[in-house]
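Right, one structure below, let's go through it.
Throughout, read-outs are computed from the coordinates displayed, never taken from laboratory work. Predicted model only: the values in this text are computed from it and were never measured. Because the Cβ atoms are built from the backbone with ideal geometry, glycine has one as well, and the counts that use them run over all protein chains shown.
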Amino acid sequence: MRAVLDRVRRFTNHPATRLATGLILVVCSIAEGYDTFFDDVRHGRLRAHHGLLIFGLMNMLRSMPDFVEGLESATEALAAGEGLEVAEEDFSRGGPSPPDRHGDRPPASIARAAEGCRVADGAEHHETP
């Protein structure tokens with residue numbers, strides 16, 4: 001039972017699923033409210049399709065960081081001549097972390113974030129071998 005629930009969680013938290021769900025909600029909201037948009041704005045009415053639009057946009061925005069990180073990772077791999085590996089990665093926040101494909105060095109996005117924290121804190125940086 002636990003395995004089934006984990007699969008459902010990975011599916012529902014996957015960025016592509018969130019993006020597709022958000023896109024569907026945005027399209028349905030626009031289709032529903034297209035004819036009444038100016039009338040609703042003029043009279044200050046909030047309807048269900050307005051909520052669907054906001055919820056759909058938030059789902060789409062929520063999936064963007066994962067896609068951008070994936071593009072950065074792919075670009076780095078291509079630039080380093082490593083090529084792209086097809087791996088069974090889980091992009092959900094609650095799942096296992098992806099395998100370390102860079103050896104001892106962290107991905108660039110993590111390294112940049114860590115560097116920003118050290119600079120902001122004014123702390124000295126001590127590299128470990």
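Of note:
- Computed from label points 7 Å out along Cα-Cβ, the spacing between Cys28 and Leu61 is 2.1 nm.
- Per-pair calculated FRET efficiency, R0 = 35 Å: Asp35 and Glu69 via Cβ, rounded to 0.05: 0.35
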